[in-house]
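The values are calculated or read from the model by the stated rules, or taken from the named source; none is laboratory data. Just so you know, these numbers come straight off a predicted model, no measurement behind them. Cβ sites come from the backbone with ideal geometry, for glycine too, and all protein chains shown count toward neighbours.
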Amino acid sequence: MACSSSALTGNRSVLQLVGGADRNLIQFTPSGFGLTIIARHFITEELASGKLVEVPLVPPIPERHVGIATLKGVLLSAASKHFIQSLP
């Protein structure tokens, strides 16, 4: 979870955004609009600069495992191959 220090002051305003609004959430949070729950890899620059701070969840979110199933004999698209190669 990421939030700006100004978001912790008790401001009761609520802002709800729907659909692909990650960049908006990242911009609104340091402006004092509240807190944001977002994947860390989207905000590495903001965390490094101190623009956002990370608040650890207690208890932490359990680790997840991803599996990939493909059809035998069916070639994967370039995008599918790239996605699979990008997995840790």
Do you know which of the residues in segment 42-88 that are modelled with pLDDT of 90 or more and small (Gly, Ala, Ser) is farthest from the chain's Cα centre (by Cα)?
-> GLY73
In segment 26-41, residue surrounded by the most Cβ atoms within 10 Å (Cβ to Cβ) [restricted to those that are assigned to a helix (DSSP H, G or I) and more than 10 Å from the chain's Cα centre (by Cα)] | THR29
